[in-house]
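To start, the structure under review is shown below, and the notes come after it.
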């Protein structure tokens, strides 16, 4: 049976409600840091790689399963798919931090940085920055985090609407979408491992949005 042709209007209709939903979920991801049962590990990098590998497989399998319904039915699974992938990635970041013994340093800035650095590096660079073997975390208010997440949400919405075209492919679509979620999760995991394997320093000061850019207030980042 031939799948119906993609309808651009369906994708456009998805954008507005998706953007509002994404913003709410992004705020939840940043504010609610999940607990981890992972103990501090004597070989944290090896354990973290296993955590990332498992999370990637789980995310890929889940996304592929949700993408099985083709056409309009498949579009209904776009948002649930993304939200579940983010939840898997969020727990993965918490577990990676725990096996390095740095759960106490996993705040909302660090969670946003690990989840979205690979897709929005220019937006997160003013709340978390690298300086040699150190990671410098700038304190930020909830309002600042919301401003940052709003910008990230716009980018995510655009990418998701474009990716939803794959759901019109009855066989290849689930493979592509599952593979994307697997690789995206592994990229987030790589960022988390690289971040928590370094010395983390949290500096005082706030970050505010001005003229569409993020400006640091207080001591400058090195």
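Taken together, the values in this text are just the output of simple stated rules run on the coordinates, not laboratory data. Quick caveat: nothing in here was measured; it's all calculated off a predicted structure. Note that we place each Cβ from the backbone using ideal geometry, even for glycine, and neighbour counts take in every protein chain shown.
Applying 1/(1 + (r/R0)^6) with r as the Cβ-Cβ distance of residue 91 and residue 171 and R0 = 30 angstrom yields a FRET efficiency of 0.50. Here each label is just a point 7 Å from Cα along the line to Cβ, and for residue 57 and residue 105 those points are 3.0 nm apart.
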